[in-house]
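The values are calculated or read from the model by the stated rules, or taken from the named source; none is laboratory data. The structure displayed is predicted, hence computed values, not measured ones. No Cβ is skipped: glycine too gets one built from the backbone with ideal geometry, and neighbour counts run over all protein chains shown.
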Amino acid sequence: MIRKIFDHQMTRWLQQMMEDVCERRDHLTIWLRPDLKKALYVLWETNEGFKHLRLTNRANKTSATLSKYTGGSTTFMKTKARLVCNLFQFVIKFVLSLKYNIIIT
């Protein structure tokens, strides 16, 4: 169990560090050798698959209405409102499926 927690935290830490490198936050990336940084920048700017994946992920994270991503901060009330809305939609679909034998996707 401890190993699983450690792996999860280290994975998140590495993802954040690589995101800092990709966003060119130089004051946070002094741990990486400059020649490796340049090689990563070239790879990220020329690899079309990576560019497409990155833009898609960014669009999903910034979608305010459909996304669960909040950019790192959200209030309890906003989270509660989203969960209540999802629960309400689920209950409505369930009641309709029982009462009218309708399956709503």
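Of Leu28, Leu36, Leu32, all but one fail to be of a type outside the set (Phe, Trp, Tyr), more than 23 Å from Arg58 (Cα to Cα) and at pLDDT below 85; the exception is Leu32.
Just one of the listed residues (Asn47, Asn60) is under 30 Å from Ala81 (Cα atoms) and either surrounded by 10 or more Cβ atoms within 10 Å (Cβ to Cβ) or modelled with pLDDT under 85 (or both), namely Asn60. Taking region 6-44 as the range and being charged (D, E, K, R) and loosely packed, with under 10 Cβ neighbours inside 10 Å as the test, the residues that pass are Arg33, Asp35. Flag set for Arg3, criterion: free of Cβ contacts under 8 Å to residues at least 60 places away in the same chain and exposed (fewer than 10 other Cβ atoms within 10 Å of the Cβ).
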